[in-house]
Structures are given as structure tokens and as C-alpha cells.
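Presented below is the structure to which this report refers.
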Amino acid sequence: MTAREGHGPPRFVVTTVEVEGREEETVVEIPAFEPVPWSPRARHDLVGKPVHRVDGEAKVTGGAIYTADVQLPQMLHARLLRAPIARGNASGLDVSAARAIPGVHAVITGRDIPNISWLHGAPLLGTRVLYPGQPVAAVAAETLGAADAAIRAIVVRWSSRAHTVGVTTTDRKGRSPGAPAHPVTQRQQRGNVRRAIERAPVVVTQTYRVAPVVHQALEPHGTVAWWQGDRLTVYESTQGIFRVRRQLADYLGLATSQIRVISGYMGGGFGAKNGCGSHTLLAALLSRKTRRPIRLVLDRSEECLDTGHRPEMVMTVSVATGRDGLLRALDFEAWVALGADGWIGSPGQLLHRLYDCPNVRTVETFYYTNSGPMSAFRAPYYVEAAFALESAMDLAARRLKMDPVEFRALNLARSDQERNRPFSTNELPACLADVRRRIGWGDGDRGHPAQGRVRRGWGVAVQIWGAAGGPPAYAEVRVNRDGTALVVTGTQDLGTGTRTILAQIAAEVLGLALEDVRVVLGDTDAGPYAGNSWGSMTTASVGPAVRMAAEDARRQLCEVAAALLGVSADRLTMRRGRIRVGGGRKSVTIERVTEHLGNIMVVGRGHRGPNPQSVTVISVGAQAAEVEVDLDTGVVRVVRVVAAHGCGRAINPELAESQLHGGIIQGLGYALFERRVQDPDAGSVLNAGLHDYKIPTFADVPAIDARVISAGDPMANHIGVKGLAEPPIIPTAPAIANALFNALGRQPTELPLTPARILALVKKGRKFRR
């Protein structure tokens, strides 16, 4: 946008924001003032310190209210009738018996609600079935038992048609018989890949496959919806309260002012709770029909069927190098099975960013199948691509007879090659060197038997992730008469510790104790706008807005204190509850200043400014895994994982390391256990529940030595932070797979690394010495 004629520079400009590995342009408001960036290694009283979670006590004592805990007067309970077939039709729907069950207040089908377009234009609660678990009717009753009985009483004729399940039953060109929509192919290239591969002395090519996996957040998806007059209040377990509000307004034809969305506490989301689900909308429709509050919380089986998944992929990677080990070309083709719906990302983007390579080509085909819709899942598309790329890098290192760590160190990207600009900071070389040292890489003779038929191996992998965060994000800091402060913003805390981090930032600026700052968030009516908690964006987006608001409040307090102390405001500092003149003894308490103001409330306002356009902000990391594999059983045990990640300034190192541990454990599950199994003939999901869907337990978790390399990045934003929550999962599975490659001498090419697949590798491989 250009400057307004006669009014100086523009107030609003367009900036680029990277979300989940894809770029978007957004309009941003230029801040009225920009705080001086904290220096990279500045020492603070609270920022950078491992303080305990401010909401920890509420969570461990049961005081935290999650969506499923919400109790409202005359609340009804809802259940959904879900299709048992993968593709076909639901005909002859008869709900009369269901409506006659005592305690049932409403039964709705597609005939009873507005024609709301849902998947590829198919209506919500439509009779055209596109995946197993698709909702076709909804019930509201006095009790869950009555609602379940009503669901069982609904009469319906299911007629199945030919369906498509997974990559194995779909043409590699993306032709999917019976699929909900046509495939989409996208291509990106720099340099001349074909010529580089033809001329390269060393070329390796391999195909890799990853299974679909589901999020399995501890807290299931859930909604409590309540119509009161013409206003709708929705309690929702969501990563984006304002996004849910906007989507509900669009679907229901309401003004956004008619909708309030509340998300007090969350038990995880991992990308599956980024917006309005069918359960959200159906709860709202049932509440509008009954004029009663509706509670609709999904069970564990529904979580596996209809809340999203990380998609199945088949990826072919070619790595071409010179004999000196320098990369000459990377070629990547991917076939991505989205399910009945999903968003188009780019697994190939990792290949364009991670390594210094002049010739890169990526071709990605996204097609639709008859399974539940895909959704973002912690570092979407990068996790899948990292397994393929980092495995191929180890294959190339073996062909070159080079050490895998040295091969990577030689080829790490030194700048953003796509945008032709530098990184703001790049800690990846330091991360890789740190991991190499702590894992003891090169010590002893790696890959020999640990004992008998148990072999041991070591593997490494690295990652990169766009981590600038971005606008718009707003915050207020209100200073109370007793000298305490309230931080108010429209973000949400999905379990990462956002309340604690924002309290630390505000308390640091105002010179208050942490317990004197309270954070209010998760309510569209209470706080100013903030975006979704996705893409590792929350702290990098909302944190600068909170600091700016606190600086604004601090400036106002200092103006009043200056008059009380008889000095100029620029001589004042704030620390430990006092406003002091320079480093001297002359001071006044913050409470004394606010008492002097009486009922005049100091309100500081802040918002996030535009992202830097001259540099690229990245979050990086390296991980090494040590594994043992039993040649007789095929069982893989991960002994330890060593990790180092660079994320700018860690506001709370304890919470940052907690994110590393969580990502690594989730990556361990992706590597060894997790996969959604869908019967190719019947189309049904065979392991919809935690009894059959294996996730890591404490018995599976290895020793984890995870470290954050913390140094503020003043070019990223004025608090120096970059995103961290998503990157830790990216290198874990490839590091484990590469450790198995080291142990067995044959490369695993498919995840998860089940005992049957390991035994097949052993059988095909060389004979092992006893």
C-alpha cells in the first residue's frame, strides 16, 4: 500500500507470513512505536529463566476447566450417526424410532438443516458418503445413554460403491476411481536437474513410503454450544478461537458479533484443531433447534475416523553429487493421499531449503481417497519429506564412503536460495556439531553387535522450518490500582505454556513479580485479535505484541512517577515493583503510582508489526539416535536421542526443552509404531482406538538429551524469538531410520519400522556374525 496523500507514511502495509510451510500475504498495521530490540544475549530477571507454569497448579489439581468439563443449566448431550462404509449412499433414513426414545429432544439429518456445503460441495449430513465415519445424522438427548440409544434406533440403508484407499490402490498418476475430487499436481524447479544428474559421477535414487497417522491428542475434540436469543456461545477445544468464530459465522449466516468462542484450557491439538469441525457446527445447529446448551465431545474411535490425519505418501528421491561430496542435484517426486479432503502443502519445500544445491526439482501430486479428511499435523509435510530426504542423504554418504555428519555439514544451506536472501541467523552448523560431540559420534567402532544377535547403530538427521511468526496479533496490558497487571489477548494456550511465556514478557518489562501478572486469553469477547496457534507462530506473533503493550503501560507509569519524583521520565527504570531514578535510591513503588491515579486505569496497547522482508527467519535443529535391533525378533529399541535446536531467544528454557521432548517422543511413535490401518476391500478403519493404535508409552521412551541453543534474533522481532513447537518432530524418524541403516547395512524405506519390516531387511541383508 502506498502512503496516504498528505498524511505521511501508510498505516497499513502488506507483509508475508509463513504458515505451516506455506507463504501467505496479509495486511498488517504499522506499530505506533517499535521497542528497541533486546540484544541477542541480554540478561533479564524473568525472560530466559525456567520459571514454573503459571497454570500448573490448576492443571494438576483439576481446577483447569476443559471443554468436556463445561456444565451449563439444562445441557443436552449429542451423538452422531456415522457411516460404516467408505463410499456410497445412505438412503431410506428413518428417524421416527429415535425421536420416540424417552429423553431425546432432537434428531436432525440433512433434510432438517440448511444446505451447508461441506466436502467438495457435498452438503453437511448429506446422503452421499465419501469416507468411513462421515456423519449423516445427529441426536441430542438428556443423557449420553439416551443419545446412543437413539443413534442405534435410526434406520438406514447403506449401499457401497467402489472406493479408493491409500497409495497402493491408486494409480501413481493420481487417477483415483471413485475419489471425491480430481488430483492436483504442482511443480517447482531451479537450475537444470536433468543435466546435472546426467553429468554427476555419483547418483543414488530410492523410493520411500510413510503411513497415515492420526493425532491422538489426550483431550478429544469437543464443543459445548449454547444459543441465547440471537447470540451463540461456543466452548471449543481449538487452536484458533477467532478462526472458529469466522467459520461459524460464514456457515450459519451470522454476524461475527453474534458469536463468542471460548477455549480455556486445551489438552493438545497438534494441528487437528485448527478450525470449525463438523461436530462444532452440528452442536450449534442442535442448540439452535432445541434452545438448550449442547455438549458434543467425540470418543476415541471418532478421533481416529474424522478429526484429521497426517497423510500417506510415496516419495522418490534422487541425490546427485560430485566425488568431493558437494551436492549437484536433488530430484523429488511425491504422491500424497489426502483422504476425502485436505489442504495442499509442499513436502518438496524441504529440499529447496535445507541444503545448498544449485539444481532442485520437486513434483507433488495430491489426490483424494475415501478416508477421513487430512489435516495439519505438527510440521506437516516436512516430517514426511525429512524421512525421504535424510534417508537418501545417508544413502549418498555411504556411496561416497563419507561420514554422514561430515556430508551434511559440507552441504548445509548458507542462505535462502529460493528468495535469494540471507537467513537472519542460522544455528544449524552449531547444532550439528553439538549433537555430534554429545552423542560421541566416531567414538569406537559403530555398527558392530552389542551382544549376540542384538546390533547397535547410530544415525543423524537435520531440519529447517520457517519460524518468523507474524501479524496480525494484538494485546493489552492493564495495570490495576494495586500495582498488579492483566495481560489480555485473543490467542489460546494449547498446552505449550503460552500463559506463562506472556506473563514473563509483561512482568519483565513492568518490573513486576511473575505472580503479580495474570494472563487472560482464549475468549473472542475478552481479548483483541490474535491468530491461530499453528506453525510454531504463537510466541513469535503474540509475544512482541505483549511486550509493546507492556512498554506502552510502562511509559505511562513513568510519566506519572516522574512528576511524583521531580525528574524526567527518561531517567527512570522499573524493577522489582519499584520505579527508580537511575541506579540511585530515590524511588517509588508501582502501587504508589497507581494509587495516586485512583480509578484511572493505565492501559497499554500493542500489536505485532510486519515481518522482515530482507531476511528469512528459520528455526533449525539436529538430532542423533542410538538404537538396538534384535535380529531374531525384529524389535527396535531406541536407546537415546541427542538433540540441539536453535530457536532464537528461549523465553522459558524449561518450556522450550519440554517442546523438544514432546516432539521427539511423537517422532518416535511415527518412526516405530503409528499407522492408521484401513481395510483396502471393505474400506473400514481397523484400529480406530488406542487399544489397537499403538502410541509410545513411558516404557518406549529412550534417554533424551535435548538442548536449546538460545540467543535472541533481533532481526526476527524485538523480543528475538523464533518458533520451536513443530521443528523437534522433523528429524526424529529419519535419525532413527538412519541408525538402523548403520546397524543392519540395509536401508529401511518404509515407516513405521515394524518388527516384520525389520525381519524382512535382515533376511535380505548380509549374514550377521553371531
Subject >> Residues that are surrounded by fewer than 23 Cβ atoms within 10 Å (Cβ to Cβ) and on the phi > 0 side of the Ramachandran plot, drawn from region 120-132 >> reply: 120, 121
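Does residue 423 qualify as being of a type in the set (A, V, I, L, M, F, W, C), open to solvent by less than 40 Å² (accessible area, probe 1.4 Å), within 14 Å of residue 622 (Cβ to Cβ) and out of contact with any Pro (no Cβ under 8 Å at 6 or more places or on another chain)?
no
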**OP:** Tell me which residues, restricted to region 636-653, are among the hydrophobic types (A, V, I, L, M, F, W, C) and more than 16 Å from residue 733 (Cα to Cα).
**Re:** 647, 650, 651
**OP:** Select from region 570-608 the residues that are assigned to a helix (DSSP H, G or I) and either closer than 23 Å to residue 46 by Cβ or not hydrophobic (A, V, I, L, M, F, W, C) (or both) and list them in ascending order.
**Re:** 570, 571, 590, 591, 592, 593, 594, 595, 596
Subject >> Matching residues in region 107-127 - criterion: being at pLDDT below 95 and in a strand (DSSP E or B) >> reply: 117, 118, 119, 122, 123
**OP:** Being modelled with pLDDT of 85 or more, under 19 Å from residue 544 (Cβ atoms) and in contact with a Gly (Cβ under 6 Å, 6 or more places away or on another chain) narrows it down to one of 29, 34, 18, so name that one.
**Re:** 18
Original post:
Among the residues of region 206-227 satisfying the criterion of being out of contact with any helix residue (DSSP H, G or I) (no Cβ under 8 Å at 6 or more places or on another chain) and more than 30 Å from residue 77 (Cα to Cα), which is most open to solvent (accessible area, probe 1.4 Å)?
Top reply: 207
Original post:
Can you name the condition, by its number, that residue 633 falls short on among (1) within 21 Å of residue 713 (Cβ to Cβ); (2) in contact with a helix residue (DSSP H, G or I) (Cβ under 7 Å, 6 or more places away or on another chain); (3) open to solvent by 10 Å² or more (accessible area, probe 1.4 Å); (4) of a type outside the set (Lys, Arg)?
Top reply: (1)
**OP:** Please list, ordered by first then second residue, the pairs with beta carbon atoms under 8 Å, 6 or more apart or interchain, first in region 1-25 and of a type in the set (Lys, Arg) and part of a loop (DSSP other than H, G, I, E, B), second open to solvent by 80 Å² or more (accessible area, probe 1.4 Å) and at pLDDT 85 or above.
**Re:** 4/11
Original post:
Looking only at region 82-106, which residues are part of a helix (DSSP H, G or I) and either charged (D, E, K, R) or open to solvent by 10 Å² or more (accessible area, probe 1.4 Å) (or both)?
Top reply: 96, 97, 99
Original post:
Given the structure, is residue 318 over 18 Å from the mean Cα position of the chain (by Cα) and farther than 21 Å from residue 410 by Cα?
Top reply: no
Original post:
Within the bounds of region 63-78, is there any residue that is buried (at least 20 other Cβ atoms within 10 Å of the Cβ), closer than 25 Å to residue 145 by Cα and β-branched (Val, Ile, Thr)?
Top reply: yes
**OP:** For residues that are in contact (Cβ under 8 Å) with a residue 60 or more places away in the chain and among the polar types (S, T, N, Q), scanning just region 692-730, find the one that is most open to solvent (accessible area, probe 1.4 Å).
**Re:** 710
Original post:
Looking at region 484-508, which of its residues are in contact with a helix residue (DSSP H, G or I) (Cβ under 7 Å, 6 or more places away or on another chain) and open to solvent by 10 Å² or more (accessible area, probe 1.4 Å)?
Top reply: 484, 496, 501
Subject >> Sole exception among (1) in a helix (DSSP H, G or I); (2) surrounded by fewer than 24 Cβ atoms within 10 Å (Cβ to Cβ) for residue 687, by number >> reply: (1)
**OP:** Considering each of 234, 193 in turn, give the residue that is at pLDDT 95 or above, in contact with a Ser or Thr (Cβ under 9 Å, 6 or more places away or on another chain), more than 30 Å from residue 78 (Cα to Cα) and open to solvent by less than 50 Å² (accessible area, probe 1.4 Å).
**Re:** 193
Original post:
Taking region 409-419 as the search range and keeping residues that are in contact (Cβ under 8 Å) with a residue 60 or more places away in the chain and part of a helix (DSSP H, G or I), which one is surrounded by the most Cβ atoms within 10 Å (Cβ to Cβ)?
Top reply: 411
**OP:** Test residue 465 against the stated conditions and say whether it is open to solvent by less than 10 Å² (accessible area, probe 1.4 Å), touching a strand residue (DSSP E or B) at 6+ places or on another chain (Cβ under 7 Å) and within 20 Å of residue 660 (Cα to Cα).
**Re:** yes
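Rundown of residues vs (1) modelled with pLDDT under 95; (2) of a type in the set (Gly, Ala, Ser), yes/no style:
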residue: 443; (1), (2): yes, no
residue: 451; (1), (2): yes, no
residue: 459; (1), (2): no, yes
residue: 470; (1), (2): yes, yes
residue: 491; (1), (2): no, no
**OP:** Test residue 657 against the criterion of being of a type in the set (D, E, K, R) and more than 29 Å from residue 760 (Cβ to Cβ), and give yes or no.
**Re:** yes
Original post:
Which residues, counting only those in region 96-113, are out of contact with any helix residue (DSSP H, G or I) (no Cβ under 8 Å at 6 or more places or on another chain) and under 18 Å from residue 285 (Cα atoms)?
Top reply: 109, 110, 111
**OP:** Being in contact (Cβ under 8 Å) with a residue 12 or more places away in the chain, assigned to a helix (DSSP H, G or I), surrounded by 14 or more Cβ atoms within 10 Å (Cβ to Cβ) and aliphatic (A, V, I, L, M) is the filter here, so list the residues in region 549-569 that pass it.
**Re:** 549, 550, 553, 557, 560, 561, 565, 569
Original post:
What number goes with the only condition from (1) assigned to a loop (DSSP other than H, G, I, E, B); (2) open to solvent by 30 Å² or more (accessible area, probe 1.4 Å) that residue 47 does not pass?
Top reply: (2)
Original post:
Within region 107-119, how many residues turn out to be under 32 Å from the mean Cα position of the chain (by Cα) and surrounded by 15 or more Cβ atoms within 10 Å (Cβ to Cβ)?
Top reply: 3
Subject >> Looking only at region 237-267, and only at residues there that are over 19 Å from residue 498 (Cα atoms) and hydroxyl-bearing (Ser, Thr, Tyr), the one that is least open to solvent (accessible area, probe 1.4 Å) >> reply: 256
Original post:
Restricting to region 582-623, what's the tally of residues that are open to solvent by 10 Å² or more (accessible area, probe 1.4 Å), farther than 30 Å from residue 13 by Cα and among the β-branched types (Val, Ile, Thr)?
Top reply: 3
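The values are calculated or read from the model by the stated rules, or taken from the named source; none is laboratory data. The structure presented is a predicted model; accordingly, all values stated were derived computationally and were not measured. Every residue, glycine among them, receives a Cβ derived from its backbone with ideal geometry; neighbour counts consider all protein chains shown. These area figures cover heavy atoms from the full protein model, side chains too; ligands, DNA and RNA do not enter into them. Shrake-Rupley method; radii C 1.70, N 1.55, O 1.52, S 1.80 Å.
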